[in-house]
Amino acid sequence: MKLKFLSLVFLLLSILPVVAVPTAGEVAYAKGDYAVAVEQWEEQGRRDGLTAPLLSALGNAEWKLGRKGRAVLCWERALLLDPRDTVAIAGLRHAQTAGGIERPVPSWSENYSAFLRADTWLIIAGISFWGMTLCAALPKFSRKNTSPWYQRGLVTFATVLALSIPGLWGAHTYAQRAVVRRADVALRLTPTSQGEPVSGIGEGDVVRSERGFNGHTRVQTAEGKTGWVRAGEVEAIWGGGLPANLDQKAAP
Amino acid sequence: MKNAGFILLTLLALLSVRADDSVSWEITPAVTGPGQPFRLQVRIESDVILGPADRVGKEIKPPRGMALRFSGQIFRSGTTEATLNFSGVSPDAEGAYVIPSFNIRFPAKMIRVPEITLNVSGTTGFRKDGQARAELELPDRTFYVGERIPGAILLRGSEQEFVSGSFGLECEAEGFSFQLMSDRAQPLDNGQGLVTAFELTPIRTGSSELSLNGIMLIQVGVTSAFSTPSRDRPFTFRRRINVEHVPEAGRPANWNGAIGKFLTDTVQLSNLSPEVGEPIRLRAILAGEGNLERIIPPEIIGGENWDVIPATERRRRAEDQRIFAYTLVPRLPGKLLTPEIRLATFDPETRSFNQVVFAPQEVIVTGTAPAKVDLVKIDPGAGANGATTKALAGLAPPKPNLRTALSSPVALIQPLAASKSFWATNVALFTLLSLSLGVVLVMGYLSAHPEILIRHHARRSCRRAARQAKQAAQAQDPAAFARAIVEGLRVGSSALLQAEAQALTQRDILRVLPDAPLDLLETLFQAAEGDKFAPRPTSALLTEPACALDLLARLEAKL
């Protein structure tokens with residue numbers, strides 16, 4: 001009994017948020033020195049790893065400095081780590097309403113997947129798949145009559161798997177988003193440097209990226225316009241840490 | 001003596017001066033138009049009686065594109081003067097054309113005419129026919145709805161006809177708005193005519209005909225205080241014009257209807273060092289040729305540092321400028337940059353969109369920030385009572401050190417789905433499980449159908465017996481040969497008859513192989529088991545071993 005009580009207390013403590021002492025970045029941010037706050041938080045991210053609160057705070061500081069692309073990218077990545085991060089949600093809403101940022105309207109599956117992290121959906125789907133498989137396979141191994149528990153487990157796991165499929169699909173489509181990192185990017189009709197500009201997209205706009213070709217990426221804007229942009233003009237929200245430094249040349 | 005010599009030398013000097021021939025020339029008009037006829041007159045004074053010139057023009061080589069012909073000469077007998085007239089047509093291109101030096105042969109002497117320069121200019125009002133005429137200046141291209149098209153009617157005069165005025169200008173065109181730039185016609189730069197400037201603005205797409213009619217007043221000949229001979233001459237222009245909308249392909253989102261060629265003039269600030277909350281006025285002046293008055297003022301976003309309030313604007317028509325005015329209110333102290341003003345324009349000649357950008361200006365804001373900076377953007381479209389229609393938004397206070405055990409820090413935001421080890425583990429486990437399940441299912445099936453294994457074992461026994469029989473036949477051992485054949489037949493038949501192998505006789509074998517020769521079976525059984533009872537000669541078995549082996553092969557085929 002005592003062991004169960006201690007386990008419950010430990011679980012509650014692990015879930016509850018832990019607020020540490022204000023760091024130098026927080027102090028600088030409070031003073032309005034956003035450049036120093038960015039430097040401090042980037043260093044903290046490289047040293048201790050990235051979390052959703054750190055990325056969303058970094059997005060706030062970048063936004064204050066007027067670097068829309070980096071700010072939106074930080075907020076989007078914070079939402080990947082924690083889909084319910086309030087700072088990132090507020091930042092993106094502010095960028096859309098006051099900053100003129102265009103962001104694709106989430107589909108129903110993306111809204112559904114925002115309930116949990118993409119990795120959580122995959123883990124749930126994996127567990128339910130294996131549970132369903134084992135519930136179907138174990139009676140074959142035992143060569144006995146199927147127990148009612150196997151049937152119940154099979155139905156339960158199959159239901160969970162079916163419920164996780166829209167979440168997986170939403171996470172998959174959400175992962176194809178990218179953020180425009182350059183100002184005044186031309187959306188071109190063809191993947192060439194001389195392609196006819198179809199429309200323009202601004203720094204910080206979120207687009208859906210599709211395939212790549214000839215150093216260009218095919219994207220779809222929030223308005224539904226489709227065209228090609230140079231691969232270096234957009235940065236995918238998945239697969240990175242801190243926003244890439246576009247002024248620094250890539251290593252050969 | 002000395003004086004006489006001086007007088008003689010003076011006379012000789014005077015004689016030598018008189019010996020120079022004087023040649024002058026005049027071109028009428030002095031500056032000709034391209035392709036215009038002109039008159040060249042060459043006057044010669046000599047110290048001898050000249051008489052009529054001979055073969056004039058033989059040596060003249062006018063420049064390329066110019067026609068020049070000797071038209072006649074004037075001379076009086078007994079005089080030292082001569083006048084020669086030439087008529088010509090100037091080249092079609094503008095420029096200075098040099099008629100090379102040439103010789104004129106008189107009976108008394110030959111006189112050399114120096115180089116003559118003819119200036120051809122398109123700005124002259126003279127024409128071939130010498131009549132005043134009207135010309136329409138209007139770009140010859142596709143126009144766009146809302147574009148400002150500058151045009152002009154040039155009334156060019158001539159030497160014979162002087163244009164003194166015009167009246168009654170009318171424009172007939174559907175789908176256009178027509179506006180004269182001034183009430184009266186203005187004189188041309190060269191003073192030989194008038195110009196009437198106007199503006200056209202297409203208001204719908206399609207092809208339509210533009211018609212311009214008017215009358216110009218012409219004075220003919222020499223005017224005097226008592227007589228001014230004049231006449232009216234009407235003029236009419238008709239031109240078909242195509243009008244389109246500004247193309248949607250490549251049209252920037254911030255295009256506000258600007259068509260033409262524009263450039264940024266200046267950006268003016270009323271105060272470069274305001275205090276926090278003190279409004280300053282930002283004036284961006286746009287210059288160029290185009291529909292300046294039709295441009296919708298671009299919207300600017302103040303961001304976190306500025307509140308932007310639209311202000312009234314004015315335009316100075318005389319200088320072709322447009323002023324966009326804004327009122328900015330700084331919200332924070334420090335060195336701030338005013339918002340960038342960006343305007344998309346469409347150039348109708350190159351059919352391309354351009355961006356005109358007024359660069360941000362540096363402003364040093366003094367004072368102190370309010371205790372709590374309200375990061376909510378003011379909605380310019382809000383009503384006067386302050387009621388807003390849009391949902392307000394702002395940045396939430398960051399909490400970068402907020403940690404939970406469920407949100408562990410990561411170095412790279414990489415999805416689990418991109419992990420190769422994750423998928424490799426799952427695939428390996430699934431393969432292992434599938435194989436195990438397959439084995440279990442096969443074993444279960446075989447346990448439910450034992451005849452499959454019995455027949456399988458029987459086939460293997462038949463093949464083994466056949467091999468042993470062949471070895472016995474090669475070793476010339478009839479007894480071993482018979483035992484191997486009988487053993488194979490018994491095991492194989494027992495699988496089909498579900499009986500004990502050792503209990504089967506040759507009659508039982510016949511139930512399985514009905515067409516087997518009974519004699520051969522009996523011989524085989526007796527040879528195989530005869531030693532238990534009474535031995536019999538078995539050497540005949542090896543004479544035809546193939547028949548016995550064939551029995552085993554047929555039995556194996558049935559299994």
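A short reminder: the numbers here are calculations on the coordinates, not readings from a lab. These numbers come from a predicted model, not from an experiment. Note that each Cβ is placed from the backbone with ideal geometry, even for glycine, and that neighbours are counted across all protein chains shown.
Given an 8 Å cut-off on Cα distances and at least 6 residues of separation, report the relative contact order of the range A:111-174 as a percent. Mind dumping the intermediate values first?
Working: 54 pairs, mean separation 34.6, N = 64.
Value for the range A:111-174: 54 percent.
Distance check, please: which entries in A:Lys68/B:Lys335; B:Lys470/B:Lys558; A:Lys68/B:Lys399; A:Lys64/A:Lys225; A:Lys225/B:Lys261 exceed 23 angstrom between their Cα atoms? Present the calculation step by step, with values, prior to reporting the outcome.
Details: A:Lys68/B:Lys335 20 Å; B:Lys470/B:Lys558 21 Å; A:Lys68/B:Lys399 20 Å; A:Lys64/A:Lys225 29 Å; A:Lys225/B:Lys261 28 Å.
Long pairs (Cα-Cα over 23 Å): A:Lys64/A:Lys225; A:Lys225/B:Lys261.
Return the long-range amide H neighbours of B:Gly193 (sequence gap of 5 or more, or a different chain), with a cut-off of under 5 Å between placed amide H atoms.
B:Gly157, B:Leu188
Please find, in a Gaussian network model of chain A (springs between Cα atoms separated by less than 10 Å), the residue of A:Leu54, A:Leu189, A:Leu168 whose mean-square fluctuation is greatest.
A:Leu189
Report, by chain and number, residues whose modeled amide H sits under 5 Å from the one on B:Phe176, excluding near sequence neighbours (fewer than 5 apart, same chain).
For B:Phe176, the qualifying residues are B:Ile203.
Given the -39500 (n - 2.57) contribution per DSSP H run of 4+ residues, what per-residue ellipticity at 222 nm results for the protein assembly as shown, rounded to the nearest 500 deg cm²/dmol?
On the way: 16 runs with 258 residues, N = 811.
Taking each H run of at least 4 residues, the total per residue is -10500 deg cm²/dmol.
Counting Lys and Arg as +1 and Asp and Glu as -1, what is the net charge of the other residues whose Cβ lies under 9 Å from the Cβ of B:Ala501? Show your work: numbers first, answer last.
Numbers: positive: B:Arg490; negative: B:Glu487, B:Glu500.
Residues close to B:Ala501 contribute a combined charge of -1.
Considering amide H positions built from the backbone, and no H for Pro or chain starts, which residues 5 or more places from B:Asn271, or on another chain, come under 5 Å of its amide H?
B:Arg281
Can you give me the relative contact order of the range B:195-290 as a percent, contacts being Cα pairs under 8 Å and 6 or more apart? Don't jump to the answer; show the numbers that get you there.
On the way: 111 pairs, mean separation 22.2, N = 96.
Reported relative contact order: 23 percent.
Most fluctuating residue of A:Val87, A:Val185, A:Val105 in a GNM of chain A with Cα springs under 10 Å: which is it?
Between A:Val87, A:Val185, A:Val105, it is A:Val105 that shows the largest mean-square fluctuation.
In whole Hz, what ³J(HN,Hα) sequence does the range A:107-114 give by Karplus (6.51, -1.76, 1.60; θ = phi - 60°), x for Gly and Pro?
Each residue of the range A:107-114 in turn: 6, 5, 6, 6, 4, 5, 6, 5 Hz.
Tally Lys and Arg at +1 and Asp and Glu at -1 over the other residues with C-beta under 12 Å from the C-beta of B:Ala484: what net charge comes out? Let's see the in-between values first.
Numbers: positive: B:Arg463, B:Arg464, B:Arg467, B:Lys470, B:Arg483, B:Arg490; negative: B:Asp477, B:Glu487.
Charge balance near B:Ala484 sits at +4.
Can you check what the net charge comes to around A:Val27, using other residues whose Cβ is under 13 Å from the Cβ of A:Val27 (Lys, Arg +1; Asp, Glu -1)? Walk me through the intermediate numbers first.
Working: positive: A:Lys31; negative: A:Glu26, A:Asp33, A:Glu39.
That works out to -2.
Karplus couplings for the range B:424-437 from phi (6.51 cos²θ - 1.76 cosθ + 1.60, θ = phi - 60°), rounded to Hz, Gly and Pro as x?
Once rounded to whole Hz, the list reads 5, 4, 5, 5, 5, 5, 5, 5, 4, 5, 5, 5, 4, 5.
Pick out which of A:Ala136, A:Ala178, A:Ala95 has the largest mean-square fluctuation in a Gaussian network model of chain A, springs linking Cα atoms closer than 10 Å.
A:Ala136
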